[in-house]
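**Q** Here's a structure for you.
The values are calculated or read from the model by the stated rules, or taken from the named source; none is laboratory data. Quick caveat: nothing in here was measured; it's all calculated off a predicted structure. Cβ placement follows ideal geometry from the backbone for every residue including glycine, while neighbour counts extend to all protein chains displayed. The protein model used for the area step is the full one, side chains on, heavy atoms only, and it has no ligands, DNA or RNA in it. Shrake-Rupley method; radii C 1.70, N 1.55, O 1.52, S 1.80 Å.
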Amino acid sequence: MTKLQPKSIMRIETLRNVLLAICLGYLAPSLALSQPVITTPPTSQAVAAGGSATFTVAVSGPGPFTYQWRLNGTNLPAIITTVAGNGTEGYSGDGGPATSAFMTGPTGIGFDGLGNLFITDTYNGRIRKVAPNGIITTVAGNGTYGYSGDGGPATSAALTAPSGLAVDGFGNLFFADPGNSRIRKIAFSTGPTLVVAAAGFANAGNYDVVVRSASGSVTSSVAVLTVGQPFSLNATISSANNLILSLTGTAGQTYILQAATSLLAPINWQPVVTNAADASGNWRFTNATVSAQPAVFYRVALP
């Protein structure tokens, strides 16, 4: 039997290393190109205070992806809201909004594949369901720490003996707040869509999102959210029979007056005039031909 010489082993090992190096050389360029690519960046918006703005980003490349939304370069905190329970112990509310329902000591939750939220309403002896449209029903059976913080950072919220939690497919965290008779949700700013609800002046600024995957990361372009002073359009008829439209809004803010001759869908809103409010936030438009026109409906929009 012929013994394999050590030098033969060395040659085989050397060849393996060469082949490995060649393979890595071909793989390296493809790995460098596989980081996320933003195909649709978030777009700038302007809303009145109290309104809502939605930023959305679309990416391509090998996932899964994580998303971290930022405001002026700082990561946005998680926001807490109530999704079921009105804070009063008892049993009622089936067929209506889950946030108006009475519950008693809910202690656990779970999701099915259709997005329905199931709740153990323990002290009512029932299993209840909240559909994706927010309506609560019963599907089985016959329910000071403090409560505060909805709409703000989850770390600032007051809870009472939270228990029984689960995470949905979008990364939202749901948990039972039994001492407050509520089911609460923590929405992390980690998805492809960011909703800024009830926007206030503190929400105004530059928004972007960092998208990460196992292959790298990419940061979107900046989208600007402008929050203006809330306003309502006032109408008066002058002594000369002129229609005067006015509002008090944000100084220097541009407003677009639109008009339609019918409110039947689809409404055909047409631009009438675009101008800015003065230094005191006053905006005004006079229509001297109103008497010669048929019925006209007006509204003001932000650009």
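**Q** Please go through the range 205-227 and pick out each residue that is over 13 Å from Asn72 (Cβ atoms), touching an Asp or Glu at 6+ places or on another chain (Cβ under 9 Å) and not in a strand (DSSP E or B).
**A** Once the filter is applied, which keeps residues that are over 13 Å from Asn72 (Cβ atoms), touching an Asp or Glu at 6+ places or on another chain (Cβ under 9 Å) and not in a strand (DSSP E or B), the range 205-227 yields Ser220, Ser221.
**Q** Here's another thing I want to ask about it. Looking at (1) farther than 30 Å from Gly63 by Cβ; (2) part of a strand (DSSP E or B); (3) not aromatic (Phe, Trp, Tyr), find the lone condition where Ala202 falls short.
**A** Condition not satisfied by Ala202: (2).
**Q** Condition check: farther than 30 Å from Gly63 by Cβ, exposed (fewer than 14 other Cβ atoms within 10 Å of the Cβ) and in contact with a strand residue (DSSP E or B) (Cβ under 6 Å, 6 or more places away or on another chain). Does Ile267 satisfy that? Break it down into steps so the answer makes sense when it comes.
**A** Numbers: farther than 30 Å from Gly63 by Cβ: yes; exposed (fewer than 14 other Cβ atoms within 10 Å of the Cβ): yes; in contact with a strand residue (DSSP E or B) (Cβ under 6 Å, 6 or more places away or on another chain): yes.
For Ile267, the condition - farther than 30 Å from Gly63 by Cβ, exposed (fewer than 14 other Cβ atoms within 10 Å of the Cβ) and in contact with a strand residue (DSSP E or B) (Cβ under 6 Å, 6 or more places away or on another chain) - is met.
**Q** Working carefully through the options Gly164, Gly169, find the one that is in a loop (DSSP other than H, G, I, E, B), under 15 Å from Ile109 (Cβ atoms), more than 12 Å from the chain's Cα centre (by Cα) and not hydrophobic (A, V, I, L, M, F, W, C).
**A** Working: Gly164 fails: in a loop (DSSP other than H, G, I, E, B).
Answer to the selection: Gly169.
**Q** Considering (1) among the small types (Gly, Ala, Ser); (2) modelled with pLDDT under 90; (3) touching a Leu at 6+ places or on another chain (Cβ under 9 Å), say which one Ser34 fails and leave the rest.
**A** (3)
**Q** Mind checking whether some residue in the range 118-127 is open to solvent by less than 20 Å² (accessible area, probe 1.4 Å) and touching a Pro at 6+ places or on another chain (Cβ under 6 Å)? Reasoning before the result, please.
**A** Just the residues of the range 118-127 that are open to solvent by less than 20 Å² (accessible area, probe 1.4 Å), to begin with: 119, 121.
Going one step further and asking which of them are touching a Pro at 6+ places or on another chain (Cβ under 6 Å), we end up with 119, 121.
The answer is yes, given that some residue of the range 118-127 is open to solvent by less than 20 Å² (accessible area, probe 1.4 Å) and touching a Pro at 6+ places or on another chain (Cβ under 6 Å).
**Q** For the range 238-258, give me each residue that is of a type in the set (A, V, I, L, M, F, W, C) and either closer than 30 Å to Phe201 by Cβ or outside any strand (DSSP E or B) (or both). Don't jump to the end; show me each part of the working.
**A** Taking the range 238-258 first, the residues of a type in the set (A, V, I, L, M, F, W, C) are 240, 243-245, 247, 251, 256-257.
Residues satisfying the conditions are Ala240, Ile244, Leu245, Leu247, Ala251, Ile256, Leu257.
**Q** Quick check on this structure: which one of Thr144, Thr88, Thr138 is over 26 Å from the mean Cα position of the chain (by Cα) and either at pLDDT 80 or above or small (Gly, Ala, Ser) (or both)?
**A** Values: Thr144 fails: either at pLDDT 80 or above or small (Gly, Ala, Ser) (or both); Thr138 fails: either at pLDDT 80 or above or small (Gly, Ala, Ser) (or both).
Just a single option satisfies the conditions, and that option is Thr88.
**Q** Which of the residues that make up the range 213-263 are crowded, with 18+ Cβ neighbours inside 10 Å and either of a type in the set (A, V, I, L, M) or farther than 22 Å from Arg299 by Cβ (or both)?
**A** Selection gives Ser220, Ala223, Leu225, Val227, Leu243, Leu245, Leu247, Leu257.
**Q** Here's a follow-up. Pro106 is checked against (1) surrounded by 18 or more Cβ atoms within 10 Å (Cβ to Cβ); (2) part of a strand (DSSP E or B) and fails just one. What number does that condition carry?
**A** Looking at each condition in turn, Pro106 falls short on (2).
**Q** Continuing with this model, one more query. Restrict the check to the range 117-130 and report whether at least one residue is in a strand (DSSP E or B), over 17 Å from the mean Cα position of the chain (by Cα) and aromatic (Phe, Trp, Tyr).
**A** At the first step, the residues of the range 117-130 found to be in a strand (DSSP E or B) are 117-121, 126-130.
When the remaining residues are screened for being over 17 Å from the mean Cα position of the chain (by Cα), the result is 117-121, 126-130.
Next, from what is left, pick out any that are aromatic (Phe, Trp, Tyr): 118.
Yes, the range 117-130 has at least one match.
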